[in-house]
1. Return the pair list, or none, for Cβ contacts closer than 7 Å from residues in the range 106-123 that are charged (D, E, K, R) to residues that are assigned to a loop (DSSP other than H, G, I, E, B), at least 6 apart or on different chains.
2. Given the condition of a type in the set (A, V, I, L, M), part of a helix (DSSP H, G or I) and touching a strand residue (DSSP E or B) at 6+ places or on another chain (Cβ under 8 Å), answer yes or no: does some residue in the range 28-38 qualify?
3. Just wondering, is there one or more residues in the range 130-151 that are in contact (Cβ under 8 Å) with a residue 12 or more places away in the chain, open to solvent by 40 Å² or more (accessible area, probe 1.4 Å) and part of a loop (DSSP other than H, G, I, E, B)?
4. Exactly one of these conditions fails for Lys165: (1) touching a residue at least 40 places away in the same chain (Cβ under 8 Å); (2) surrounded by fewer than 18 Cβ atoms within 10 Å (Cβ to Cβ); (3) in a loop (DSSP other than H, G, I, E, B). Give me its number.
5. Do we have any residue at all in the range 63-75 that's under 21 Å from Gln170 (Cα atoms), at pLDDT below 95 and not in a strand (DSSP E or B)?
6. Here's a check for you: in the range 53-62, which residue that is assigned to a loop (DSSP other than H, G, I, E, B) and in contact (Cβ under 8 Å) with a residue 24 or more places away in the chain is least open to solvent (accessible area, probe 1.4 Å)?
7. Of everything in the range 104-129, what is within 16 Å of Asn158 (Cβ to Cβ), in a loop (DSSP other than H, G, I, E, B) and acidic (Asp, Glu)? Give them in sequence order.
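The values are calculated or read from the model by the stated rules, or taken from the named source; none is laboratory data. Fair warning: this is a prediction, and the values are worked out from it, not measured in the lab. Heads up, the Cβs are rebuilt from the backbone with ideal geometry, glycines too, and the neighbour counts pull from every protein chain shown. Calculation scope for accessible area: heavy atoms of the full protein, side chains included, ligands and nucleic acids excluded. Shrake-Rupley method; radii C 1.70, N 1.55, O 1.52, S 1.80 Å.
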Amino acid sequence: MVHADASNFAAGVTKEEAYEQVLLQAEGLFDGQRNWVCNLANTASLLWHAYKSLPSPSSQVNWAGFYTLDPKPTGKPQLILGPFQGKVACQTIVFGRGVCGAAALTQTTQLVPDVEAFPGHIACDGDSKSEIVVPITIGEGEASKVVAIIDIDCAELNGFDEVDKKYLEQLAALLGRSCDW
């Protein structure tokens, strides 16, 4: 049974410990639940509360959520806003545009220490200074397809590092295999 205590993080945990808890709680929440809306919504909450339990810069995360592949046929593939925590956000992002679009197009994590230095950055929230975007894919090799992205913004420069990248990529893999996309 899902319980709100899953979002509680002890004071003084390390970033690695917080991410381990996110992964463990997410796996438990996904057990018997393959709906991507439910799973992304709960994951956005877990991430938000994990970041808020950590010292700066992690506590300065100002947006944590997802964009999913827009199922509506358009001229170019695009992402559409999914579950998140934070201020209202851009509703659609074309593959290749901004940090999210770059991650979707290349199927690679984008670790951006200064969003102002990223060509074509989309400023949904002017307070965001750094960002990490991790693609969620299904399939292997040539058949690999982006179904969503994890997007985390921080109000401080250099808000993310290789620890964030490692654990968010593990979370993306878990989401890719735990949801019916």
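1. Listed by first residue and then by second, the contacts come to Asp114/Lys129; Asp114/Leu157.
2. So far as the range 28-38 goes, yes, one or more of its residues are of a type in the set (A, V, I, L, M), part of a helix (DSSP H, G or I) and touching a strand residue (DSSP E or B) at 6+ places or on another chain (Cβ under 8 Å).
3. Scanning the range 130-151, I find no residue that is in contact (Cβ under 8 Å) with a residue 12 or more places away in the chain, open to solvent by 40 Å² or more (accessible area, probe 1.4 Å) and part of a loop (DSSP other than H, G, I, E, B), so the answer is no.
4. Here Lys165 clears every test but (3).
5. no
6. In this case the residue turns out to be Leu54.
7. Passing the criteria: Asp114, Asp127.
Yes/no matrix, rows are residues, columns are (1) at pLDDT 95 or above; (2) under 12 Å from Leu175 (Cβ atoms); (3) open to solvent by less than 70 Å² (accessible area, probe 1.4 Å):
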site: Val13; (1), (2), (3): no, no, yes
site: Glu16; (1), (2), (3): yes, no, no
site: Glu20; (1), (2), (3): yes, no, no
site: Leu23; (1), (2), (3): yes, yes, yes
site: Cys38; (1), (2), (3): yes, yes, yes
site: Asn42; (1), (2), (3): yes, yes, yes
site: Leu47; (1), (2), (3): yes, yes, yes
site: Ala50; (1), (2), (3): yes, no, yes
